[in-house]
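Asks: First the structure, which I've put down as structure tokens, then a few questions once you've had a look.
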Amino acid sequence: LSSMLLARGRTGGLSNLRARLPVASCLPRGLARALGSESATDRLSPREITSLLTSADSLPAILDVYKRHGSSFDLVNLSTTWHRAGKLSGDRERAFSVENERTLSQLQQETESALPRLEVRNIANTCHGIALLGYEPAHALVHQLGTAAIPRIDEFTPQGLATTACAFAMLGIREHQVLEAVARKSVQHIGEFNPQNLATTALAFATLGIPAPRLFQAIARKSQQRIGNFKPHHLADTALAFAKLGIDAPLLFQAIAHRSEQCIGGFKKREWFARASQAHKAELLADLLSDSDNIVKGVRGLVPFLPSASMTAREV
């Protein structure tokens with residue numbers, strides 16, 4: 001093993017090897033025992049565990065994989081567990097049963113212990129999974145993940161930046177240092193943002209009520225350039241973000257209006273309402289309604305560009 005480590009260290013591969021070592025090897029002995037043990041014949045590789053996690057179809061199934069194979073988890077398995085758990089959380093009352101809470105608490109402790117070794121992709125996915133899951137005790141972990149992200153923000157991809165901002169917005173966490181770092185990095189690399197990254201980032205900052213002028217100027221400029229690739233939900237999220245903050249962007253509104261006419265048939269009824277409902281964020285809806293003046297401003301900005309002659313009353 002020492003020879004292998006030396007060889008890997010000389011070739012610059014030590015960090016990759018460390019990332020694939022079982023996380024339990026770095027845990028306090030008591031916590032490692034709490035995760036359960038596997039016999040040599042039952043022990044799975046991290047790749048096999050990832051396959052089990054991605055094929056699981058419910059939160060109990062995800063947590064069962066963790067309980068059975070947690071001692072063999074690597075860093076990717078940890079973040080995948082949070083991410084998949086968030087997507088499959090379903091009914092909150094069942095999700096947070098006493099048994100599941102105990103398992104989630106162990107998962108949180110393990111993630112905190114592994115925090116210094118997490119890759120930036122793991123940080124973004126874990127934040128997003130916790131936000132989707134709505135597991136309140138783990139909100140403190142999101143703060144820790146955000147703090148860990150700041151000195152490494154230059155390593156984040158556009159998707160990682162958007163995902164992290166989205167997670168903080170869903171949880172209503174206004175960590176200014178984290179969000180300032182995300183905004184700065186996003187402006188620097190706005191040319192690499194796709195429509196989903198642009199719309200998600202804009203809506204995240206708007207939800208938190210953070211105008212970030214340079215960021216929104218960059219988003220407006222790049223969105224206009226790529227408007228032909230925007231899908232209905234990108235258009236809806238972007239228009240909502242600028243309207244919510246009362247940002248005057250007539251050229252962007254014009255581009256959104258023209259693109260909306262081209263794909264009007266693809267719009268789903270109240271897409272962003274449905275998204276808020278699915279995310280169990282009724283308070284977001286209430287906040288949007290209470291800020292209706294800014295929404296009216298945004299709609300008013302679109303009116304001159306709406307081709308009313310070619311749209312039915314229902315479409316309008």
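The values are calculated or read from the model by the stated rules, or taken from the named source; none is laboratory data. What you see is a predicted model; the values in this text were computed from it and never measured. Cβ placement follows ideal geometry from the backbone for every residue including glycine, while neighbour counts extend to all protein chains displayed. Accessible surface is based on the protein model in full, side chains and every heavy atom, while ligands, DNA and RNA are left aside. Shrake-Rupley method; radii C 1.70, N 1.55, O 1.52, S 1.80 Å.
Asks: Taking the convex hull of the alpha carbon atoms in region 48-167, what volume per residue do you get, in Å³? Mind dumping the intermediate values first?
Replies: On the way: hull volume 11.4 nm³, N = 120.
Value for region 48-167: 95 Å³ per residue.
Asks: Over the Cα atoms of region 200-244, what radius of gyration and what Dmax do you get, in Å?
Replies: 9.9, 28
Asks: So how exposed is Glu119, as accessible area in Å² (1.4 Å probe, rounded to 10)?
Replies: 80
Asks: Moving on to the next point. How large, in percent, is the carbon and sulfur part of the accessible surface of region 95-248 at a probe radius of 1.4 Å? Before the final figure, lay out the partial values.
Replies: Numbers: 2930 of 5940 Å².
C and S atoms contribute 49 percent here.
Asks: If Rh is defined by the Kirkwood formula over all Cα pairs and Rg also comes from Cα, what ratio Rg/Rh do you get for region 150-211?
Replies: 0.92
Asks: While we're looking at this one, here's another question. Can you check what the Kirkwood hydrodynamic radius comes to for region 114-238, Cα pairs only, in Å to one decimal? Walk me through the numbers on the way to the answer.
Replies: Working: mean 1/r = 0.0694 Å⁻¹.
Kirkwood hydrodynamic radius for region 114-238: 14.4 Å.
Asks: Follow-up. If the only charges are +1 at each Lys and Arg Cβ and -1 at each Asp and Glu Cβ, what is the size of the charge dipole of region 54-198 around the Cα centre, to the nearest 20 debye? Kindly include the intermediate steps, with their values, before the conclusion.
Replies: Values: 13 positive and 16 negative charges, 19 e Å.
My answer is approximately 100 debye.
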